[in-house]
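Peer 1: The structure is given below, and queries will be raised subsequently.
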Amino acid sequence: MSATRITRIGTTRDQLGESPVWDERRQRFYWIDALAGSIQRLDPATGAVDTFNAPAPIGSLALRGDGGAVLALRDGFAHYDFATRVLTEGAAIGLGHPKVRLNDGKADPYGRFIAGTMHSDRAPDEVPQGGLYRLDASGAVELLETDLAVSNGPCFSPDGRTFYLADSARRIIWAYEYSQDGPLANKRVFVDTEAQQSGCDGATMDSQGYLWSVLVRIGKIARFAPDGTIERIVDMPTRHPTSITFGGPELEILYVTSISRSHALRDDHPDAGGLFTVEGLGVRGLPAHRFAPG
């Protein structure tokens, strides 16, 4: 493995950078500023960044199989056409709680979009509202899980049979059995990050079946083996990294988003809120699943 190299890309400064996605078809990189309501698209070959606006806050996005993206907005889903810059509203989750909004999400191996919620300003004895929702190609929404305080880092094992989901407030990453038609099954603790003194934020999977998770409060990224043990820690130059994905022609570059000012965290350093790449890790990622509209 060569020496690890961490580079800030461009000069963008997000309030809450999130939901990085690599488009392997067009060799472009997408991410959002959740609080600003912006979707950003980077051409790594030229450094050019295009910005697209959507209603804030944006929880996450996944690329669609036919182009464009599916978005998790505050209380429902929407579709965005990058060519026309038109947003089309989709199904709502029907919650309407003022402190609950959709948060991190990803497409699953079968062309659906899964996104969980976060419950802000929750009292210690208050039961978290919201949950984990799955949008299918017909536009129907299914509730998969409840009692999630701050849902983050959904991702799938290389064979698609295991689904991972973090609750950042509880500092737990759960693992579930996953199938095309059945509900989530066999919920179990995969990792407890209390020992690292940080909640677990965005996550991605590599081709070897190791899970990479951001430790948002301590400026680090952890690689967890399939048995949940820590294989390595990467120190980031920004205090609050948020989410990660592999990109580049060989899926060997780890892209990292970060915070300058979110609801709970703030960093005034000039690099805070920047976009970073980590190279020389010696592993490859997996192509992102895409939402397959009906």
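Peer 1: How do Asp50, Asp23, Asp235 rank when sorted from fewest to most other Cβ atoms within 10 Å of their own Cβ?
Peer 2: Sorted ascending by nearby Cβ count, the order is Asp235, Asp50, Asp23.
Peer 1: Against the 2.2 N^0.38 Å scaling, with N counting residues, where does region 5-279 land? I'd like the Cα-based Rg ratio to two decimal places.
Peer 2: Expressed relative to 2.2 N^0.38 Å, the Cα Rg reads 0.92.
Peer 1: Here's another thing I want to ask about it. Tell me which of Tyr164, Thr238, Thr204 sits at the most positive position along the dipole axis of the chain, charges placed on C-beta atoms (Lys, Arg +1; Asp, Glu -1).
Peer 2: My answer, from the dipole projection, is Thr238.
Peer 1: On to the next question. Give me Arg261, Arg284 ranked fewest to most by other Cβ atoms within 10 Å of their Cβ, as a rough exposure proxy.
Peer 2: In increasing order of surrounding Cβ atoms, one gets Arg284, Arg261.
Peer 1: Quick one: putting +1 on the C-beta of Lys and Arg, -1 on the C-beta of Asp and Glu, what dipole do you get for region 5-279 around its Cα centre, in Debye to the nearest 20?
Peer 2: The calculation lands at about 420 debye.
Peer 1: Follow-up question, since we're still on this one. Which of Tyr110, Gln129, Leu143 sits closest to the plus end of the dipole of region 77-146, meaning its Cα is farthest towards the positive end, when Lys and Arg get +1 and Asp and Glu get -1 on the C-beta?
Peer 2: Tyr110
Peer 1: Rank Val189, Thr88, Gly280 by how far each Cα sits towards the positive end of the charge dipole of the chain (+1 on Lys, Arg Cβ; -1 on Asp, Glu Cβ) and give me just the farthest.
Peer 2: Most positive-ward Cα: Gly280.
Peer 1: Enumerate the aspartates and glutamates that Lys99 could reach by cross-link, defined here as Cα to Cα under 17 Å, with residues fewer than 8 away along the same chain left out.
Peer 2: Leaving aside aspartates and glutamates fewer than 8 places away in the same chain, those within reach of Lys99 are Asp75, Asp121, Asp125, Glu126, Asp147, Asp167.
Peer 1: Going highest first, how would you order 66-73, 136-143, 285-292 by mean Cβ packing within 10 Å?
Peer 2: 66-73, 285-292, 136-143
Peer 1: May I ask you to sort Phe163, Phe276 by Cβ crowding, counting other Cβ atoms within 10 Å and putting the fewest first?
Peer 2: Listing Phe163, Phe276 from fewest to most nearby Cβ atoms yields Phe276, Phe163.
Peer 1: Which value, in debye to the nearest 20, gives the size of the charge dipole of region 1-127 about its Cα centre, when Lys and Arg are +1 and Asp and Glu are -1 at the Cβ?
Peer 2: In debye, rounded to 20, region 1-127 gives about 320.
Each reported figure results from applying straightforward, stated rules to the coordinates on display, with no laboratory input. Bear in mind the structure is a predicted one, so any value in this text is a computation, not a measurement. Counting neighbours? That spans all protein chains shown, and the Cβs are built from the backbone with ideal geometry, glycine included.
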